[in-house]
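The values are calculated or read from the model by the stated rules, or taken from the named source; none is laboratory data. The model shown is predicted, which means the values in this text are computed figures rather than measured ones. Positions of Cβ are backbone-derived with ideal geometry, glycine not excepted, and every protein chain shown enters the neighbour counts. What goes into the accessible areas is simple: the full protein's heavy atoms, side chains included, and nothing from ligands, DNA or RNA. Shrake-Rupley method; radii C 1.70, N 1.55, O 1.52, S 1.80 Å.
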Amino acid sequence: YHLKLGAAVDALVFSGGIGERSKELREVVAARARCLGYAKVDPAKNAELGEGVVVDIGLKGEGKGEREKRVLVCRTDEQLEMARSCALDERFWN
C-alpha cells in the first residue's frame, strides 16, 4: 500500500496475533521499512507495550523525510468482533 498511496502513509501498523505478540517481527519489519521514512523502534517500548489500544513504539525524531512516519501496535479483539458481527446479523435471530 505504501507505493500505491504514493508514500502518503502516516504509520506502519502492527495488529492481529503475530503483529501484537511478536516483538522480534516488529523490530525486523520496522528496521527494513526505515528507508521509507518510518521511525526507528524503541526497544523498551517494543518489549513492553503497556496499556492502550494503540501504542506508539517508535523513537521520536527518528523518522526520515519531511514528515515522520510512526510505528504503531494496534490491539485487536478478533473474537469480540466476530461475536458482535453474529449478534447484529438478523439471519441468526429469525
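List of remarks:
- Condition met for LYS23 (within 21 Å of TYR1 (Cα to Cα) and surrounded by 15 or more Cβ atoms within 10 Å (Cβ to Cβ)): no
- Flag if ALA11 is of a type in the set (A, V, I, L, M, F, W, C) and either at pLDDT 85 or above or open to solvent by 100 Å² or more (accessible area, probe 1.4 Å) (or both): yes
- For ARG84, the criteria (1) part of a helix (DSSP H, G or I); (2) surrounded by 11 or more Cβ atoms within 10 Å (Cβ to Cβ); (3) modelled with pLDDT of 90 or more hold in every case but one, which is (3).
- Pairs with Cβ under 7 Å, 6+ apart, first in region 36-47 and of a type outside the set (A, V, I, L, M), second open to solvent by 60 Å² or more (accessible area, probe 1.4 Å) and in a helix (DSSP H, G or I): ASN46/LYS23; ASN46/GLU27
- Given (1) loosely packed, with under 15 Cβ neighbours inside 10 Å; (2) under 13 Å from LEU12 (Cα atoms), number of the condition LEU36 does not satisfy: (1)
- One residue stands out among those in region 65-81 that are touching a residue at least 60 places away in the same chain (Cβ under 8 Å) and outside any helix (DSSP H, G or I): the one that is most open to solvent (accessible area, probe 1.4 Å), which is ARG70.
- Those residues of region 32-47 which are farther than 16 Å from LYS60 by Cβ and either of a type in the set (A, V, I, L, M) or in contact with a helix residue (DSSP H, G or I) (Cβ under 9 Å, 6 or more places away or on another chain) (or both), in sequence order: ALA33, LEU36, ALA47
- Condition met for LYS45 (closer than 18 Å to ILE18 by Cα, modelled with pLDDT of 90 or more, in contact with a strand residue (DSSP E or B) (Cβ under 8 Å, 6 or more places away or on another chain) and charged (D, E, K, R)): yes
- Within region 14-34, the set of residues being touching a strand residue (DSSP E or B) at 6+ places or on another chain (Cβ under 6 Å) and either without any contact (Cβ under 8 Å) to a residue 12 or more places away in the chain or outside any helix (DSSP H, G or I) (or both) comprises PHE14, SER15, ALA33.
- Any hit, region 6-13, residues being in contact (Cβ under 8 Å) with a residue 24 or more places away in the chain, assigned to a helix (DSSP H, G or I) and of a type in the set (Gly, Ala, Ser): no
- Restricting attention to region 79-94, the residues that are within 24 Å of SER15 (Cα to Cα) and among the acidic types (Asp, Glu) add up to 1.
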